[in-house]
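A.B. asks: For reference, the structure I am asking about is given below.
What follows is calculated from the coordinates using simple rules that are stated; it is not laboratory data. From a predicted model like this one, the values you see are computed outputs, not experimental measurements. Don't worry about glycine lacking a Cβ; one is built from the backbone with ideal geometry, like all the others, and counts go over all protein chains shown.
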Amino acid sequence: MTRRREAELAALFDTASELAGMREPDAVLRSIVRRARTLLGTDLSYLSMNDPAGTYMRVTDGSVSPLFQQVRLGLGEGLGGLVAQTAQPYVTPDYFGDARFNHTGPIDSAVRDEGLVAILGVPLKLGSKVIGVLYAADRTAREFPPEEVSLLQSLADHAAIAIDTASLFETIQANNAAMKRAEEAHDRLTDLVLRGGSAADVAAAVGELLGGAVEVLETAPTSAVRANGRAVRIDGVWVCAVLAGSELLGGVTLSGRPELSDADRRLFERSAVVTALLLLLRRTVAEAENKVRGELITDLLDGRDPAALLARARRVGVELTDPHVVLVADGNLGAATHYASVHRGLAGSRDRDVVLALPSGSTAVAQEVARALGATVGASGPVAGPVAIAAAYEEARRCLRALRLLGREKDAATMADLGFVGVLLGERADVSGYVRSVLGPVLDYDTERGTELVHTLEVYFRCGASLSRAKAELHLHVNTVTQRLDRVTSLLGDWQSPDRVLEVQLALRLLRLLG
């Protein structure tokens, strides 16, 4: 008896030493069950762990029944449920003949499938809390004397401490991993900010770290705003408001991650803080740059030192020696400033209008600006250099005034587009171009065929649009004059409408002046 006790104590000491060196909870559980079977010499040993619903099978050694390996015991059900509920050892030499505990169909079926008869169960306790039950069982009737019960309970006590230690170590490892991941994320996001990264760069980096798709929104859902910087799940997507104090700057979303650990959730929320920082930084830089651009265009229009203006413009990424279209509009300065910034141009205010200088080789950009700003826009250019830009501003301003007088609100035009109005108002009007735009087909017809349609038109107007007087001055039959005028109509269209006839007469006068 003494030798057996010494052997048991030695086995317990070896078991405690082995368990103390283990750091993985699953390895600890397997070792406990294997040692229990060896020490008590039973056909089978197994261990169940508790949760709020009862106790469930976790590890077995010697089991052959899949049904038994997956059995779950409710609180107070079966021998194991009674041990878990009372925190006391229970032993039965004949399971099915023992009425001291609650038999249930599923548990009895599992025990019968495994072929068990004698079962001993002892609690695994941490203080007063039962965390599981350790069992030793035989497939034949057997008595478990008090010393075997004490031996299994001693093993269970060692096991409970080892399980707690292993779980604690696993938690520490998980926390260390989370801290390392958080440190990596912090370094990566900090590097992005310092390198001038964008909100999209932050989204890409966080998406890679979290294994999901991150997107930056211009606005955040109301429920996310109410969460005050905390991540909330909306329709399967994680959303966090991007806030600067009480100011809403937007939001970030994370999809592809149904669940988030606390560490991942904090990382996602941190990405919203970094995004807010970048958006504020971008807004501050934009405001400062827009102020510089506004001052620059004011100095351009005032005719300041051209060489200095070229250098100042280059510092904000504008090359004034490239072709620019100058626009004067009655739109909003903020919208104009944003448009100019996006298109690498300049914008500022002058009197009650806004002035833009946009890099472009065509005044067609004026229509785009009119639509974007919802404004009336006068245009001039393209021109290059500070002096030419200042001169073009004056023409664009007169063009805007003409558009207003003509009632063409929310429209855009150059002096050339305004026809004879542009000829009258423009200092740099293209007279030849205007004549050609009005009379071009008639001029070409006369040149190619040696006809006198232009002369016929001049005489016709000089005679007060009278066919009889015109035919007498031209020394032609009235039908010939009529045929010539019909040919003009085929070339110019309805040239005798009130608006067109004025343009044609003006073009004829200018043609005469040009010689």
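A.B. asks: Quote the FRET efficiency, to the nearest 0.05, computed for THR38 versus LYS125 with a Förster distance R0 of 35 Å and r equal to the Cβ-Cβ distance.
C.D. replies: That pair, THR38 with LYS125, gives E of 0.95.
A.B. asks: Can you put CYS463, CYS399, CYS240 in order of Cβ neighbours within 10 angstrom, beginning with the fewest?
C.D. replies: Numbers: CYS463 17, CYS399 29, CYS240 26.
The fewest-first ordering by Cβ neighbours comes to CYS463, CYS240, CYS399.
A.B. asks: If you don't mind, there's one more thing I want to ask. Within the range 318-336, find all residues whose amide N lies under 13 Å from a label point positioned 7 Å from the Cα of GLU368 along Cα-to-beta-carbon.
C.D. replies: Label zone hits: 325.
A.B. asks: Would you please give the FRET efficiency between ALA244 and TYR56, computed as 1/(1 + (r/R0)^6) with r the Cβ-Cβ distance and R0 = 35 Å, to the nearest 0.05?
C.D. replies: 0.10
A.B. asks: Between rounded, prolate and oblate, where does the range 447-500 land on the alpha carbon gyration tensor, with a ≥ b ≥ c its root eigenvalues, rounded for a/c under 1.5, else prolate if a/b exceeds b/c?
C.D. replies: On the way: a/c = 1.75, a/b = 1.12, b/c = 1.57.
Oblate is the answer for the range 447-500, as a/c is 1.5 or above yet b/c matches or exceeds a/b.
A.B. asks: Name the residue farthest towards the positive end of the dipole of the range 304-425 from the options ALA390, GLY348, VAL328, assuming +1 on Cβ of Lys and Arg, -1 on Cβ of Asp and Glu, about the Cα centre.
C.D. replies: So the residue we want is GLY348.
A.B. asks: Next up: Let's test the formula: R0 of 25 Å, r as the Cβ-Cβ distance of GLN70 and GLU259. What FRET efficiency results, to the nearest 0.05?
C.D. replies: Given R0 = 25 Å and the Cβ-Cβ separation, E is 0.50.
A.B. asks: List the trypsin sites (Lys or Arg not before Pro) within the range 69-157 that fall in a DSSP loop (any state other than H, G, I, E or B) and whose Cβ has at most 13 other Cβ atoms within 10 Å.
C.D. replies: Sparse-neighbourhood loop trypsin sites (Lys or Arg not before Pro): ARG100.
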